[in-house]
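> Quick one: structure below, then a few questions.
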Amino acid sequence: MKQLLLRIEPMIWLLFGQGILLGTILLTGWLLVVGLGVPLGIVPAEALSYERAHALGSNVVGRLVLLGLCALPLWKGAHHMRSLSIDFGGASRDALVATVLYAIAAAGSAVAVIAVVRL
Amino acid sequence: MARAAHPEAMKPRTPGRTRTAPPLMPDEFPTRGRYLPYVLFDATGLVYMLVGLAALRVVWDLGSGPEAWGVVQEQLRHPLYVAFHGISLVSVIFVGVRFFRLFPKAQPPKIGPIAPPPEPVITAMLYATWIGVAGVMTVILAGGIF
Amino acid sequence: MSDQKKTFVVTRFDPDKDDAPRQDTYEVPVEPQWKVLDALNYIKDEIDGTLSHRWSCRMAVCGSCGMMVNGVPSLTCKDPLSNYGDRVEVAPLANFPVVRDLVVELDGFMNKLESVKPWVLTAKQRAVEEGTYRQSPAELEQFRHFSMCINCMLCYSACPVVANEPEFLGPAAIALGHRYNLDSRDEGNRERNEIFRGEGTVFSCSYANECSEVCPKHVDPAAAVNQAKFGAVIDWATSFVVPRREKE
Amino acid sequence: MLEVIRHDIIIVGGGAAGLRAAIAAVEADPDVSVAMVSKVYPMRSHTVSAEGGAAAVARSDDNLEMHGFDTVKGSDFLGDQDVIQFFVEEAPKELTLLEHWGCPWSRNEDGTVATRAFGGMSTKRTWYAADKVGFHMLHTLFQHSMRFDRIVRYDEQFVTKLVVDGGAVRGVAALDVREGAVRLILGRAVILATGGAGKIFPFTTNGNIKTGDGMALAYREGVPLKDMEFVQYHPTGLPGTGILITEATRGEGGYVKNNEDERFLVTRDYGVGTKAELGPRDMISRAIVQEIEAGRGFEGPYGAYVHLDLTHLGEAKIDERLPMVRELAKLYAGVDPVHEAIPIRPVVHYMMGGVDTDIDGATTLPGLYAAGEVACVSLNGANRLGSNSLTECLVFGARAGRHAVGFAKGVHAANENACRGQAEEEAARIASLRGKKGAEKLAPIREEMRSTMESGCGVYREQASMDETVRALAELRRRFEDVSLEDASVVFNTELVTALELDNMLEVAETLAVSAAHRKESRGAHTRKDHVARDDQNYLYHTLCHRDPTGHRVDKKAVTLGTWEPEERKY
């Protein structure tokens, strides 16, 4: 297991890199409006009416942005939670922890692709 | 007193023949002083994982039709959800600032034939992109244009 | 001797006498411009001859006298006593097995350093008659600050990954391997990048940046490690596209 | 139980000379097994502190003849001219090899290696790496040596005795500082590369490990020490700490000024002529001492000093060419050289003298070699020119390494039993030192040794003061027999190491004082108030200090002349 993880580590790190760079950049706007703006009433609810949201989401750029902000943060999340586990003495079970975390991220990414395609 | 580091930390392949005292971690590790930002930086991993999954659920409901979309919009107004997204925003900004301090100096002096621009230029480009994209997305999502 | 005194709480450990490290306290009359090392040498000469610590050049270039001072890795010959109040705690470097008092086991680092092949790797050995390589000042500047590492081990003491992941190559070893990767005379990139992706992988680094904070020679090993990640990934990716591509 | 290890070549010391000798040995014969036994990890060797540069002909307007003549003139015509001839020929090759191994030499725009001016050199021939050449050279050599499995390192093992059997050196007895055990390492040849002995003086640029161990090891086995009286005072060291401010500061155009802000090396005649600040070290050190004695120095907490002014060089040039000088001045003298002058005074820096060797590095004891500052192959004679020493370590380290491999082939394996006895004796002696009771303490004896060396063998010497030093040192040796050691521990007992080092220093200090008292003339770094002139008729010879039952006997050894005739040393 450990050897497999080592072999794919560069690819994981690339995904992590995009996760932290693009993920951070894409999530900011999303959190401001979808997470806080509309729910708190600062932004009028019509902005995210189904018709408008679906229209925005279903064009190509929309789909890519949505895919980015769903899938990429998962990889940053997985990689840094793995580091956190090691920080608190998790080196011995790292192989297991890493496999689980990256599996979640991979599954999440797959579902995200489907979610974006079926829009 | 400092916590014990991994017992094998900095252990040579063929250890010396005298008994050694086990390695200790730096005093402030993990959650005090200089190491708190680092551990928080790692801890934001959990936040990013949850935010990603939450966004996935919203996008999934968007694809499931108007009723599902209405339900999720309603749930998003729940104080706990709002608090979570508040914390997520703080985390995202904390991660962005800290990562943008690393990214410029992490660029090798030569990528193939071309040399990346000097570090301050890279930092400026990063922040311009971040603010630009966040601004555009906010305006679009909030109904300003389109 | 000036009248100002400081209290030194020094960690002691003799494997033949102590089960675990203990602390001794000394009152030391200090001179205004003394460094921490001067006080330790005063203790050794005048108060307690059994205190063991490493030092030599006393001008912050040999790297022998690294210790934890008030919990922070520090080069004691460079660390002015004026930085500290009346109580100064001196302990052996964190993350290292302790051999005696303030002396730690260094062979672990020597193994890591040798494993990154820190020497010029070339397909063909250049003959002396051919004279020196041509290397422009710009090419020299690419790797020069990474070659300033004096192996003082402060970065290893500050690094959380070194504390928790024994196989990790560590800041200084990666920085020196990366130094040779960036040297225009060296052709060992591919070989070293395989090592960087191997057991002690550079990807274990989760960027605490403490190694660069404590480095007394401003080598910035955090930059070196993260640049090495970049190089290792590019090399890994191209190895699928163009197998065994020699650096031109 | 005594542990016995066998190798072909044993190198004592892990600095530039030791590392270069090891590399040369394994390159000469890939099957040879080399042991590198060093008191400290090799990257801590004192080579690391060298700042200025390493000399070798590189420019088109330079040639071997000029480098040779500068060196012999600098040596006040005491250097052996066949050695100097070989040295200047090999120097460029050695520095080129080092460049191939990765040494980050500073460069010209066209990519060739840059060179700078240095004291006593007629043109710019000092290769440099900003102002950290020793550090870069040592780490390059150490990292390069790591690629050879045939070089086996014994780190932090302190060689306390050469094991001699059948009239030849057979190995060494080494104290493993960590384990506290003495180990016998047998070999067919031993190369001493342990550096100088600056710490016998109170005020020196040298690190704590420069205690003349190799010189004492050889001396105790009957090998003579040559030209020990010549001690180089470097003109610019920081008062108090003695930290070196490299000559490259003057090479880059720095001025030396007295308390009247006067560049006295230009306005007054101190024999340096138009070279001014770039005159040889002995002359400039004497000029500074005279300025201070004439009351034109400054007074400070650590005694009198003069100014080294770099302010006119500008921040850019200082940061590019002299970054460490700026860091050291700020850190250890509280002065930023970009804006203020640096306080400096002459400081003990280098030992021209050392273990007597021929051009191959071989000593009178078969199988024993020496290279670098520990040796006196006599490249430097009475005064070394700045930046020749690092190159000397490479040139003669390599030669000693190659020659030792050749010698080792004709030697049969050592007789283990005879050698084992000597090693066990040494182990018992060292064990008896641990926690030894006595009326004396280490620190006072060390301080008194240093002060008597300063008063007797300083920049200016006279018969009475030198004789007094010889007497005082003999007294200190007796008191040392009754020294007490507080630390009886076994593991990493640094007090024991300090005691052994003090024993070596006292031995070496005596040979220095005795040789100085013998030479009744002023030559190079050996300057007397009672014999001001150089006396080629009576004293154009090397002094050989032998150890014999009555104490120390000084003999003569002819100087190899030939290419350049001795002339008055005027610049």
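> For residue D:497, indicate whether it is touching a helix residue (DSSP H, G or I) at 6+ places or on another chain (Cβ under 6 Å), β-branched (Val, Ile, Thr) and crowded, with 17+ Cβ neighbours inside 10 Å.
Answer is no for this residue.
> Within region D:263-353, which helices (runs of 4 or more DSSP H) (wholly inside it) include 2 or more residues that are in contact (Cβ under 8 Å) with a residue 12 or more places away in the chain, in contact with a Phe, Trp or Tyr (Cβ under 9 Å, 6 or more places away or on another chain) and buried (at least 18 other Cβ atoms within 10 Å of the Cβ)?
D:264-267, D:281-293
> Which numbered condition trips up residue D:487, out of (1) touching a helix residue (DSSP H, G or I) at 6+ places or on another chain (Cβ under 8 Å); (2) in a helix (DSSP H, G or I); (3) crowded, with 19+ Cβ neighbours inside 10 Å?
Of everything listed in (1) touching a helix residue (DSSP H, G or I) at 6+ places or on another chain (Cβ under 8 Å); (2) in a helix (DSSP H, G or I); (3) crowded, with 19+ Cβ neighbours inside 10 Å, residue D:487 misses just condition (2).
> Also, quick follow-up: Search region C:20-42 for residues being within 14 Å of chain B (Cβ to nearest Cβ) and surrounded by fewer than 15 Cβ atoms within 10 Å (Cβ to Cβ), and hand back the single one that is nearest to residue C:75 (Cα to Cα).
C:23
> Among (1) buried (at least 18 other Cβ atoms within 10 Å of the Cβ); (2) assigned by TED's automatic domain parsing to the domain that holds residue B:48, which single condition is residue B:97 missing?
The single condition residue B:97 does not satisfy is (1).
> May I ask you to list the residues in region D:113-135 that are at the interface with another protein chain (Cβ under 9 Å from one of its Cβ atoms) and in contact with a Ser or Thr (Cβ under 7 Å, 6 or more places away or on another chain)?
If the condition is that a residue be at the interface with another protein chain (Cβ under 9 Å from one of its Cβ atoms) and in contact with a Ser or Thr (Cβ under 7 Å, 6 or more places away or on another chain), then D:113, D:114, D:129, D:130, D:134 are the ones that fit.
> Hey, among the residues in region C:173-210 that are out of contact with any Phe, Trp or Tyr (no Cβ under 6 Å at 6 or more places or on another chain) and hydroxyl-bearing (Ser, Thr, Tyr), which one's nearest to residue C:133 (Cα to Cα)?
Top of the filtered list is C:184.
> Still on this structure, please answer the following. For region D:103-116, check the following and say yes or no: at least one residue is of a type in the set (Asp, Glu), assigned to a helix (DSSP H, G or I) and either more than 21 Å from the chain's Cα centre (by Cα) or surrounded by fewer than 24 Cβ atoms within 10 Å (Cβ to Cβ) (or both).
No: region D:103-116 contains no residue that is of a type in the set (Asp, Glu), assigned to a helix (DSSP H, G or I) and either more than 21 Å from the chain's Cα centre (by Cα) or surrounded by fewer than 24 Cβ atoms within 10 Å (Cβ to Cβ) (or both).
> With more than 21 Å from residue A:23 (Cβ to Cβ), in the same structural domain as residue B:42 (by TED's automatic domain parsing) and among the aliphatic types (A, V, I, L, M) as the only criterion, which of B:53, B:80, B:89 stands out?
B:80
Every residue, every condition in (1) of a type in the set (Lys, Arg); (2) in contact with a Ser or Thr (Cβ under 8 Å, 6 or more places away or on another chain); (3) surrounded by fewer than 19 Cβ atoms within 10 Å (Cβ to Cβ), yes or no:
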residue	(1), (2), (3)
C:135	no, yes, no
C:148	no, no, no
C:168	no, yes, no
C:175	no, no, no
C:179	yes, yes, no
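> Let me ask you something else. Could you grab me the full set of residues in region A:20-66 that are at the interface with chain B (Cβ under 7 Å from one of its Cβ atoms), small (Gly, Ala, Ser) and in contact (Cβ under 8 Å) with a residue 12 or more places away in the chain?
A:23, A:47, A:57
> For region D:36-74, give me each residue that is hydroxyl-bearing (Ser, Thr, Tyr) and either touching a helix residue (DSSP H, G or I) at 6+ places or on another chain (Cβ under 8 Å) or within 12 Å of chain C (Cβ to nearest Cβ) (or both).
Answer for region D:36-74, where residues must be hydroxyl-bearing (Ser, Thr, Tyr) and either touching a helix residue (DSSP H, G or I) at 6+ places or on another chain (Cβ under 8 Å) or within 12 Å of chain C (Cβ to nearest Cβ) (or both): D:38, D:41, D:45, D:47, D:49, D:71.
> If you check C:78, C:6, which single one turns out to be assigned to a strand (DSSP E or B), crowded, with 17+ Cβ neighbours inside 10 Å and either in contact with a Phe, Trp or Tyr (Cβ under 9 Å, 6 or more places away or on another chain) or touching a residue at least 24 places away in the same chain (Cβ under 8 Å) (or both)?
C:6
> In region B:103-127, which residue that is farther than 24 Å from residue C:184 by Cα and aliphatic (A, V, I, L, M) is nearest to the other protein chains (Cβ to nearest Cβ)?
B:126
> Right, something else. Against the condition at the interface with another protein chain (Cβ under 8 Å from one of its Cβ atoms), without any contact (Cβ under 8 Å) to a residue 24 or more places away in the chain and not basic (Lys, Arg), how does residue B:140 come out, does it pass?
So residue B:140 passes the test.
> Please specify each residue of region D:451-467 satisfying the condition of being crowded, with 16+ Cβ neighbours inside 10 Å and of a type in the set (D, E, K, R).
Once the filter is applied, which keeps residues that are crowded, with 16+ Cβ neighbours inside 10 Å and of a type in the set (D, E, K, R), region D:451-467 yields D:454, D:461.
> With the checklist (1) within 30 Å of residue D:271 (Cβ to Cβ); (2) free of Cβ contacts under 8 Å to residues at least 60 places away in the same chain; (3) surrounded by 24 or more Cβ atoms within 10 Å (Cβ to Cβ) in hand, flag the one item residue D:74 doesn't pass.
Going through the list (1) within 30 Å of residue D:271 (Cβ to Cβ); (2) free of Cβ contacts under 8 Å to residues at least 60 places away in the same chain; (3) surrounded by 24 or more Cβ atoms within 10 Å (Cβ to Cβ), residue D:74 breaks only (2).
> Residues of region B:1-42 being β-branched (Val, Ile, Thr) and part of a loop (DSSP other than H, G, I, E, B), which ones?
Matches in region B:1-42: B:14, B:18, B:20, B:31.
> Which numbered condition trips up residue C:65, out of (1) more than 7 Å from every other protein chain (Cβ to nearest Cβ); (2) more than 19 Å from residue D:324 (Cα to Cα)?
If we test residue C:65 against (1) more than 7 Å from every other protein chain (Cβ to nearest Cβ); (2) more than 19 Å from residue D:324 (Cα to Cα), just (2) comes out false.
> Residue C:116 is checked against (1) over 22 Å from the mean Cα position of the chain (by Cα); (2) under 23 Å from residue C:173 (Cα atoms); (3) among the β-branched types (Val, Ile, Thr) and fails just one. What number does that condition carry?
All conditions are met except number (1).
> Among the residues of region C:82-97, is any without any contact (Cβ under 8 Å) to a residue 40 or more places away in the chain, facing another protein chain (nearest Cβ under 9 Å) and not in a strand (DSSP E or B)?
yes
Listed here are the residues, each with its yes/no results for (1) within 29 Å of residue C:108 (Cα to Cα); (2) surrounded by fewer than 21 Cβ atoms within 10 Å (Cβ to Cβ); (3) at the interface with another protein chain (Cβ under 7 Å from one of its Cβ atoms).
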site: B:4; (1), (2), (3): yes, yes, no
site: B:7; (1), (2), (3): yes, yes, no
site: B:27; (1), (2), (3): yes, yes, yes
site: B:33; (1), (2), (3): yes, yes, no
site: B:36; (1), (2), (3): yes, yes, no
site: B:40; (1), (2), (3): no, yes, no
site: B:48; (1), (2), (3): no, no, yes
site: B:60; (1), (2), (3): no, yes, yes
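> Checking residue C:140 against (1) touching a residue at least 60 places away in the same chain (Cβ under 8 Å); (2) touching a strand residue (DSSP E or B) at 6+ places or on another chain (Cβ under 8 Å), which test does it fail?
(1)
> Just checking: which of the strands (runs of 3 or more DSSP E) contained wholly in region D:149-219 hold 1 or more residues that are within 16 Å of the chain's Cα centre (by Cα) and not small (Gly, Ala, Ser)?
Those strands (runs of 3 or more DSSP E) span D:189-192.
> A further question on this structure: Restricting the search to region D:97-109, which residues are within 7 Å of chain C (Cβ to nearest Cβ) and at negative phi?
Passing the criteria: D:97, D:99, D:100, D:101, D:104, D:107, D:109.
> Would you please name the residue that is farthest from residue B:37 (Cα to Cα), looking only at residues in region C:190-214 that are more than 14 Å from chain A (Cβ to nearest Cβ) and crowded, with 20+ Cβ neighbours inside 10 Å?
C:192
The values are calculated or read from the model by the stated rules, or taken from the named source; none is laboratory data. Keep in mind that this is a model prediction, so the values were computed, not measured. Note that each Cβ is placed from the backbone with ideal geometry, even for glycine, and that neighbours are counted across all protein chains shown.
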